[in-house]
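K.L.:
First, the structure itself, so that you have it in front of you.
The values are calculated or read from the model by the stated rules, or taken from the named source; none is laboratory data. The structure presented is a predicted model; accordingly, all values stated were derived computationally and were not measured. Using ideal geometry, Cβ is built from the backbone for each residue, glycine included, and neighbour counts are taken over all protein chains shown. Only protein heavy atoms, including side chains, enter the accessible area calculation; ligands, DNA and RNA are left aside. Shrake-Rupley method; radii C 1.70, N 1.55, O 1.52, S 1.80 Å.
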Amino acid sequence: MAGAIYALIALAFVLVYKSSRMINFALGEWIMFGALLAGAGYHALGLGLAGAVLFAAVGMAMFGIGFNGVVVGRLAGHPVISLIMVTIGLGALMRGTAALVFRGAPGGLPLPVATEPLLLNGLPVSPEKLIAALIAASGVALLTWFYQSSRTGIALRAIADDTNAAAAAGINVHRLFALVWAITGVTAAIAGILWTFVNGGGFGVALIGLKIFPIVIIGGLDSLPGTIAAAMLIGIFESLGAGYLDPHLGPGFGTISSYLLLLAMLLVRPYGLFGQAPARRV
């Protein structure tokens, strides 16, 4: 169930990378901001559950479009390190701004479900985690279909293959880049809301971004199926590590288990489970 939420977040990361070859190191802060916007919409503005979700999604979509227009568009053609540093700086700016703007505001939404665990074949399952996982899995399926089968997704794949050729064929690259960042914002808002359902809100939600990098590296930076598989693998690995190894090795081992798996993957297959090895000229 944790892997389903990880997969939804990681897909937002991979979509940006596949389309523009840009790595968004501020994704954790985007998720935190989306959750805080939803909490502010529900508790401060009284929008209700659906209204708060819509408020956060629209707000983060506009933020993504603005970031694409003001920052990404101006850095087109610049060295990759410039794109990386600007997202790191954006993350620091968002953390500081959130601490000032959302001070004392609840960062989560209440889920109108029973708190008693469900028994599935004798196994107690938290209803909050189950509902969050089902919503996240639906989002993963929708994003995968959008990128693989829709007309816009095909255009994004063409841009990922060759931006200049796609532009010469009549594809509006700037508009599609704005759409990708808007989708990233909406996905970050939904993921942040789901994460607060399961683990509570607050500024610590931004730390979930650190768990995404092992997923996308293990699955392959440019592979949607690999990202989904790696997210499920990390979710299972963390849960098993926390349940079986923490009592013997000390608390917190389940948290670092994904990074140990990442190190093992880098030694065995550096380009990921489903990633493609770099082409070599002979």
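K.L.:
Using a Gaussian network model of the chain with C-alpha springs under 10 Å, which one of 140, 70, 198 is most mobile by mean-square fluctuation?
P.N.:
The residue with the greatest mean-square fluctuation here is 70.
K.L.:
Enter the accessible area per residue of the chain (Å², integer; probe 1.4 Å; all protein chains in place). Please list the in-between numbers first.
P.N.:
Working: 14110 Å² over 282 residues.
Per-residue value: 50 Å².
K.L.:
Another one. Carbon and sulfur atoms: what percent of the 1.4 Å accessible area of the chain do they account for?
P.N.:
Working: 9580 of 14110 Å².
Looking at the chain in its full context, I get 68 percent from C and S.
K.L.:
Counting only the heavy atoms of the protein chains, how much of residue 154 is accessible to a 1.4 Å probe, in Å² to the nearest 10?
P.N.:
90 Å²
K.L.:
Want the number for residue 45 to residue 267: 0.36 nm per residue separation, take away the alpha-carbon distance, what's left?
P.N.:
On the way: separation 222, 0.36 × 222 = 79.92 nm, distance 5.05 nm.
Value of the extension gain: 74.9 nm.
K.L.:
Using the alpha-carbon centroid of each, what span in Å lies between region 163-222 and region 11-67?
P.N.:
Between the Cα centres of region 163-222 and region 11-67 lies a distance of 9 Å.
K.L.:
Would you kindly compute the Cα radius of gyration of the chain and its largest Cα-Cα separation (Dmax), both in Å?
P.N.:
19.1, 64
K.L.:
What does the charge add up to near residue 67, with Lys and Arg as +1, Asp and Glu as -1, over the other residues with Cβ less than 13 Å from its Cβ?
P.N.:
On the way: positive: 74; negative: 29.
Residues close to residue 67 contribute a combined charge of 0.
K.L.:
For 181, 145, give the ranking by accessible area with the largest first, probe 1.4 Å.
P.N.:
Result of the area sort, largest leading: 145, 181.
K.L.:
Around residue 187, under 15 Å between beta carbons, what's the net of Lys plus Arg minus Asp minus Glu among the other residues?
P.N.:
Result for the local shell: 0.
K.L.:
Classify region 17-162 as rounded, prolate or oblate, taking a ≥ b ≥ c as the square roots of the eigenvalues of its Cα gyration tensor: rounded when a/c is under 1.5, otherwise prolate if a/b is larger than b/c and oblate if not.
P.N.:
The shape class here is oblate.
K.L.:
Turning to a different aspect of this structure: From largest accessible area down, sort 32, 265; use a 1.4 Å probe on the protein chains.
P.N.:
Working: 32 5, 265 30 Å².
Ranked from most to least accessible, the order is 265, 32.
K.L.:
Could you work out which residue, out of 263, 207, 118, moves most in a Gaussian network model of the chain, that is, has the largest mean-square fluctuation with Cα springs under 10 Å?
P.N.:
With Cα springs under 10 Å in the chain, the top fluctuation among 263, 207, 118 is at 118.
K.L.:
Before anything else, pin down the relative contact order of region 15-127: Cα pairs under 8 Å, at least 6 apart, normalised by residue count, whole percent.
P.N.:
With pairs under 8 Å counted, the relative contact order is 35 percent.
K.L.:
Taking the Cβ of residue 18 as the center, what net charge do the other residues with Cβ under 15 Å away carry, scoring Lys and Arg +1 and Asp and Glu -1?
P.N.:
Net of charged neighbours comes to -1.
K.L.:
Which of rounded, prolate or oblate describes region 177-244 when judged by the alpha-carbon gyration tensor and an a/c cut-off of 1.5?
P.N.:
oblate
K.L.:
Ignoring everything but the protein chains, give the 1.4 Å probe accessible area of residue 238 in square angstrom, nearest 10.
P.N.:
Counting only protein heavy atoms, residue 238 exposes about 20 Å² to solvent.
K.L.:
Largest first, what is the accessible-area ranking of 126, 223 with a 1.4 Å probe?
P.N.:
My answer, sorted largest first, is 126, 223.
K.L.:
For the chain, with a Gaussian network of springs between Cα atoms less than 10 Å apart, report the residue from 178, 165, 242 with the top mean-square fluctuation.
P.N.:
165
K.L.:
Please work out how much accessible surface residue 129 shows to a 1.4 Å probe, ignoring ligands, DNA and RNA, in Å² rounded to 10.
P.N.:
Here the residue's solvent-accessible area equals roughly 90 Å².
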